[in-house]
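Trainee: What follows is a structure written as structure tokens; I'll ask about it next.
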Amino acid sequence: MAMGVSPRGSVLRYPSPSFTSPWFSSCVRRAVCGIPSSLRVSQNPGFPEEEGSKLMWQEATVEVRWDKMVHSALSKIEDAKINMLHTDAHPKIGSSVELFSQELPHPSRYVSPPRLEGRTESYSTKPDKSLAEQNAVPSEAAGSNGMSVNGQDTGTSSDMSSHVVGFNKVVDQKHQKQLASVYNEVIVVDNVSTAKHVAQLLTTKYKNFIHACDTEVAKIDVMSETPVGHGELICFSIYSGPLADFGNGKSCIWVDVLDGGRNVLMEFVSFFEDSSIKKVVWHNYSFDSHVLGNYGIKLSGFHADTMHLARLFDSSRRAIGGYSLEALTNDQTIMSSKDELKMGKLTMKSIFGKRKLKKDGCEGKRITLAPVDVLQREERISWICYSALDSISTSKLFDNLKAKLELQPWFFDGNKKGTMYDFYENYWRPFGVLLVQMESEGMLVDRDHLLEIEKLAITEKQIASDKFRKWASKYCPDAKYMNVGSDAQIRQLFFGDTLRRNDTNKCENDQNECLSKPKSFKVPNTENVIEDGRKSPSKYRTIVLNKICEELETDMYTDSGLPSVSGDALKGFAGKVSNDQNFLIHDSDYGTAYKAFGKGKEGRAACQAIAALCDVCSIDSLISNFILPLQGNDISCVNGRVHCSLNINTETGRLSARRPNLQNQPALEKDRYKIRQAFIAGPGNSLIVADYGQARKQIASLILAHLANCESMLEAFRAGGDFHSRTAMNMYSHVRKAVEKKRVLLEWHPQPGEDKPPVPLLKDAFGSERRKAKMLNFSIAYGKTPVGLSRDWKVTVKEAKDTVYLWYKERKEVLHWQEERKNEAIDTNCVRTLLGRSRHFPSVKTVSNAQRAHILRAAINTPVQGSAADVAMCAMLEIDRNIRLKELGWKLILQVHDEVILEGPTESAELAKAIVVECMSKPFYGTNFLKVDLVVDAKCAQNWYAAK
């Protein structure tokens, strides 16, 4: 007899085969309706969610017959190779042998979060997803309340029918069969009794095994939200290797937290917090640690992060898939061919993705993913396999990476110290733990200060925008209504309907007429203008912009070949002019707009107007990147502390920061709104801010002096004072003579009662020479060439070469060292840092000339920048190891550009500062083997800005 569906979506019991599996009953219920879980909630604006959901269920029953239902369900059971021993472990599905009716989860469970404008929402639980997966969008018919990165798939029921209106399941049959084989290795834990049994085995019999772990999290946007205080843990998996047996020969544990409840999770606290179980492996340990920390679990016994191991093995994988678990475990150069399970991590898209259908019924390109908690409930078997595969893949990846690193020798100071896996155990393993601790601590933010500077920034942005519009409207009347944040409108003003580079097909007959042709744009109708043919003002109005200058030229273009109107390009047009400047400067200091607009008064006005536009860009960047995000809840918790993500994800090994990217903060002298002042110490606490020589790049020059054993540079550092002035003195004979004859001073240290130096300082009298010396001090260390310097200085390549020659004249050791590094890169395809980390390159024989040039620059840059990263890391570890600092209550909370910030009790601030200076000046286990002292600047204050 046919089986029907109740108005609530429940399966009505009619005579049917006596299948005993409760999972089968769930499959039958879903197969009857032929509706994927993502369509359970209607998003039709014409119906309330619950009513729309009922209607969809009722419509679906008309299309489905009993014989099709039985055939599909049996087929699914066979394909999934279900182990019936575990079907009673899913109370949410039911345990009866009959086909009981089951109600749908209430639609309110699947409420979509607000979409972030201007970007695609990612459906991953960790920020290690493949790009294609991150670009997948949530199902339009499904509520979205979560994301999954290491998610895994097992359910096969909801994709049984692809005829549901609007979507078509993207099913990779090969992947489905591969996943099915994983289920035989998995024991499902969704009740307290099973959890107790499994946790006991983990902490006793298998205590010394290597356990790979992975979590799956819902209700978090990993692209914008910190995992600290955000997200809901729905399941986790633990793989203990093929020798472990948790029952029936199963070596992988999958724990249902979503429906098993918090009590199931708490049974594993002893395993996660036992420091003697030092065999726990993760892929992106930071994320998993914070997720479990949200439930009061303090992870201990950390053994390895496969993401860090992969970066140590090869720091240049960006072009070949990066460091996602999927990319690494499917890379045959990393994974062993002897693995029994011949597959790595699979993408969610390949298992759970659904293509949205076009109006004509054809499949569209857009692939959608349901929320992970929906997948876990509605596609349970596939989800279990997919989730468990993450921990299995992590374990196998660890074995392979460890084996490869153990084959790589670790050279330190020219001597072999062991293997690169020994390096990991000595440095990167404790460093990974430290970074997670710093992220967890976070930094307190003064939101009142941010609110005040937000108001000021918006006001100043409006003033600068109006200034530019007023100037531009003299040449184009409609420019007073333009959107100054629109690249298209700015480009139209300066360049017209621009030809792309190498585009000779457009307007071949009369290019000038075509380029000067006015163009219309729609802008907000803020003045309520009633346009022709309308009776009332519309929301938008049309303006017409024309090219206002025929002479303006640029050498900066976008990737698509259009003239760039980026901040750097605009600064080139404006020159060294400020928005509010009311005095004249030398003609050579004006930008290219000065000549293009006829020089004189008009040229100066153009440069100042474009400088105002530059201000708009910089203010807007500060608002969108710092002032507003720091006030939001995405990157902070209820305690008001911002939890920045710190990552070892650069090719040189330097740290990067995300959410927010504090590396991109303006320099102190350019911090017009004192954003650093918003980072404050907690009540009763102070901050200690310490760095090497007040400059991020200063340490790079010091490292270069050590590596090249350059006597001239070493002497300058030993002498102290203004390093760049000393460089200028050594480069230019006329500057040296002025110093020797005491017409200028290298430095001046005022004595009581002295207001100014007796003679000018070198940096004032020879500012141009010092600026070039300073740029060379930094640029040479970064591998910059005379060609690049000629662009920066706006001089000929010959002039740049002559200046570079002056720099090398006193630093021949540096030139020799650089040639050695280039030859090393050519001969061995790698270079090494101070502590022995290596960066590998492709063979220069197989790459283009441009790639060869890049490799040779990187061969110079990496040892310097990578060694600076080594020094900063060792300094942080030395601070973290200091017992006295711990006793005083001081903790590291942030590192940005070799600058470390600690927070602790105010009463011990001065004592703690002295300890920090000592640790940083002797960062290598209490020593400093560099050829020059590490000078540390440190200060105590109540906020970051005051401590600079």
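The values are calculated or read from the model by the stated rules, or taken from the named source; none is laboratory data. Everything quoted here is computed from the prediction, not taken from an experiment. As a convention, Cβ positions derive from the backbone with ideal geometry for all residues, glycine included, and neighbour counts pool all protein chains shown. Quick note on the areas: whole protein, heavy atoms, side chains included, nothing else; ligands and nucleic acids left out. Shrake-Rupley method; radii C 1.70, N 1.55, O 1.52, S 1.80 Å.
Trainee: How large a share of the accessible area of segment 528-570, in percent, is made up of carbon and sulfur atoms when the probe is 1.4 Å and the other protein chains stay in place?
Mentor: Working: 1170 of 2770 Å².
The computed percentage sits at 42.
Trainee: Here is a follow-up. What is the distance, in nm, between label points placed 7 Å from the Cα along the Cα-to-Cβ direction at residue 795 and at residue 422?
Mentor: In this crude label model, residue 795 to residue 422 measures out at 4.9 nm.
Trainee: Give me the percent of accessible area attributable to carbon and sulfur for segment 383-428, probe 1.4 angstrom. Could the numbers behind the result be given before it?
Mentor: Working: 710 of 1620 Å².
Ligands and nucleic acids excluded, carbon and sulfur give 44 percent.
Trainee: Checking the table 737/812; 205/396; 396/822; 595/822; 467/595; 455/948 against a 31 Å threshold on Cα-Cα, which pairs fail?
Mentor: Values: 737/812 22 Å; 205/396 21 Å; 396/822 36 Å; 595/822 42 Å; 467/595 21 Å; 455/948 25 Å.
396/822; 595/822, as the Cα separations exceed 31 Å there.
Trainee: Let me ask something additional. Amide H to amide H under 5 Å from residue 445: which residues, 5+ apart in sequence or cross-chain, H placed 1.01 Å off N in plane?
Mentor: 642, 680
Trainee: Considering the alpha-carbon set of segment 767-880 alone, what are its Rg and its Dmax in angstrom?
Mentor: Radius of gyration, then largest Cα-Cα span, for segment 767-880: 15.8, 50 Å.
Trainee: Note down the relative contact order for segment 248-382 as a percent, whole number, built from C-alpha pairs under 8 angstrom at least six residues apart.
Mentor: 13 percent
Trainee: With r as the distance between the Cβ atoms of residue 278 and residue 197 and R0 = 22 Å, compute the FRET efficiency 1/(1 + (r/R0)^6) and round to 0.05.
Mentor: Values: r = 23 Å, r/R0 = 1.06.
My answer for the efficiency is 0.40.
Trainee: So how long is each side of segment 220-375 along the principal axes, counting just the alpha-carbon atoms, biggest first, in Å?
Mentor: 60, 39, 38
Trainee: Give a residue-ordered list of calculated ³J(HN,Hα) values for segment 822-838 (Karplus: 6.51 cos²θ - 1.76 cosθ + 1.60, θ = phi - 60°; whole Hz; x for Gly, Pro).
Mentor: Listing the rounded values in order: 5, 5, 5, 5, 6, 7, 10, 6, 7, 9, 10, 8, 4, 8, x, 5, 10 Hz.
Trainee: What does the accessible area per residue of segment 675-814 come to in Å², with a 1.4 Å probe and no ligands, DNA or RNA counted?
Mentor: Averaged over the residues of segment 675-814, the accessible area is 49 Å².
Trainee: If Rh is defined by the Kirkwood formula over all Cα pairs and Rg also comes from Cα, what ratio Rg/Rh do you get for segment 534-584?
Mentor: Working: Rg = 17.1 Å, Rh = 14.7 Å.
A ratio of 1.16.
Trainee: So, counting K/R as plus one and D/E as minus one, what does the shell of residues with Cβ under 11 Å around residue 680 add up to?
Mentor: Details: positive: 447, 641, 676; negative: 446, 448, 903.
Residues near residue 680 contribute 0 overall.
Trainee: Here are some pairs, 576/774; 404/886; 219/250; 250/345; 345/417; 417/845; which of them have Cα atoms lying more than 25 Å apart in this structure?
Mentor: On the way: 576/774 18 Å; 404/886 37 Å; 219/250 31 Å; 250/345 19 Å; 345/417 35 Å; 417/845 31 Å.
Beyond 25 Å: 404/886; 219/250; 345/417; 417/845.
Trainee: Quick one: which residues, 5 or more positions from residue 557 or on another chain, have an amide H under 5 Å from its amide H? H modelled 1.01 Å from N in the peptide plane, none for Pro or chain starts.
Mentor: Correct list: 564.
Trainee: To continue, here is another question. What is the pair-distance distribution P(r) of segment 420-474, computed from all Cα-Cα distances in 10 Å bins starting at 0, with each bin given as a whole percent?
Mentor: 19, 19, 16, 16, 16, 11, 3
Trainee: Taking amide H positions as placed in the peptide plane 1.01 Å from N, state which residues far from residue 214 in sequence (5 or more) or on other chains have amide H under 5 Å from it.
Mentor: 237
Trainee: Quick one: give the max-minus-min coordinate of the C-alpha atoms of segment 449-499 along each principal axis, largest first, in Å.
Mentor: Dimensions of segment 449-499 along the principal axes of its Cα atoms: 45, 23, 12 Å.
Trainee: Another one. Would you kindly state how much longer the chain becomes between residue 462 and residue 566 on full extension, computed as 0.36 nm times their sequence separation minus their alpha carbon distance, in nm to one decimal? Intermediate values should be presented prior to the final figure.
Mentor: Working: separation 104, 0.36 × 104 = 37.44 nm, distance 1.90 nm.
That works out to 35.5 nm of additional length.
Trainee: Students often check this: by mean Cβ neighbours within 10 Å, which of 861-871, 545-555 ranks highest, and how do the rest follow?
Mentor: Values: 861-871: 25.0, 545-555: 16.1.
The packing order, highest mean first, is 861-871, 545-555.
Trainee: Assuming R0 = 60 Å, what is the FRET efficiency of residue 447 and residue 719, from their Cβ-Cβ distance, to the nearest 0.05? The partial results should precede the final answer.
Mentor: On the way: r = 46 Å, r/R0 = 0.76.
E(calc), rounded to 0.05, equals 0.85.
Trainee: Below 10 angstrom from the Cβ of residue 219, what's the summed charge of the other residues (Lys, Arg +1; Asp, Glu -1)? Intermediate results must be reported in sequence, preceding the final value.
Mentor: Values: positive: none; negative: 221, 225, 232, 373.
Taking every Cβ under 10 Å from that of residue 219, the sum is -4.
Trainee: Between residue 455 and residue 177, take the C-beta separation as r, use R0 = 51 Å, and let me know the FRET efficiency to the nearest 0.05.
Mentor: Working: r = 60 Å, r/R0 = 1.18.
Once rounded, the FRET efficiency stands at 0.25.
Trainee: Hey, rough spin-label estimate for residue 588 and residue 749, points 7 angstrom out along Cα→Cβ, what's it come to in nanometres?
Mentor: Spacing of the two 7 Å Cα→Cβ label points: 3.6 nm.
Trainee: Can you send over the carbon and sulfur percentage of the accessible area for segment 235-356, probe radius 1.4 Å, protein chains only? List each step's numbers first, then the result.
Mentor: On the way: 2070 of 4280 Å².
Within segment 235-356, the accessible surface is 48 percent carbon and sulfur.
Trainee: If you don't mind, another one. Can you compute 3J(HN,Hα) from phi for each residue in segment 730-746, using the Karplus curve 6.51 cos²θ - 1.76 cosθ + 1.60 with θ = phi - 60°, rounded to whole Hz and x for Gly and Pro?
Mentor: 6, 7, 10, 5, 5, 6, 4, 4, 5, 5, 5, 8, 6, 7, 9, 10, 5
Trainee: Related question: Starting at the first residue of segment 918-930, write each ³J(HN,Hα) from the Karplus equation 6.51 cos²θ - 1.76 cosθ + 1.60 with θ = phi - 60°, in whole Hz, x for Gly and Pro.
Mentor: These are the phi-based 3J(HN,Hα) values: 5, 4, 6, 6, 10, x, 9, 6, x, 10, 9, 8, 5 Hz.
Trainee: Sort 392-398, 600-606, 476-482 for me by packing, meaning the mean count of neighbouring Cβ atoms within 10 Å per residue, highest on top.
Mentor: Working: 392-398: 25.7, 600-606: 16.7, 476-482: 18.9.
Taking the mean over residues of other Cβ atoms within 10 Å, the ranking is 392-398, 476-482, 600-606.
Trainee: With the other protein chains left in place, how much accessible area per residue, in square angstrom, belongs to segment 331-398 at a 1.4 angstrom probe?
Mentor: Details: 2430 Å² over 68 residues.
Here the per-residue accessible area is 36 Å².
Trainee: Here is a further query. Just to confirm, what accessible area per residue do you get for segment 830-935 at 1.4 Å probe, in whole Å²? Could you put the intermediate results ahead of the total?
Mentor: Numbers: 4130 Å² over 106 residues.
Per residue, segment 830-935 has 39 Å² of solvent-accessible surface.
Trainee: For segment 170-269, what does the alpha-carbon gyration tensor say about shape, rounded, prolate or oblate, given a ≥ b ≥ c as the root eigenvalues, a/c under 1.5 as rounded, and a/b over b/c as prolate?
Mentor: Working: a/c = 1.84, a/b = 1.14, b/c = 1.61.
Since a/c reaches 1.5 but b/c is at least a/b, the shape of segment 170-269 is classed as oblate.
Trainee: At residue 523 and residue 939, where each label point lies 7 Å from the Cα along Cα→Cβ, what is the point-to-point distance in nanometres?
Mentor: Simple spin-label model gives 4.3 nm for this pair.
Trainee: Further question on the same structure: Choose one of 804, 817, 773: the residue whose Cα lies farthest towards the positive end of the charge dipole of segment 769-819 (beta-carbon charges +1 Lys, Arg; -1 Asp, Glu; about the Cα centre).
Mentor: Comparing the listed Cα positions along the dipole, 773 ranks first.
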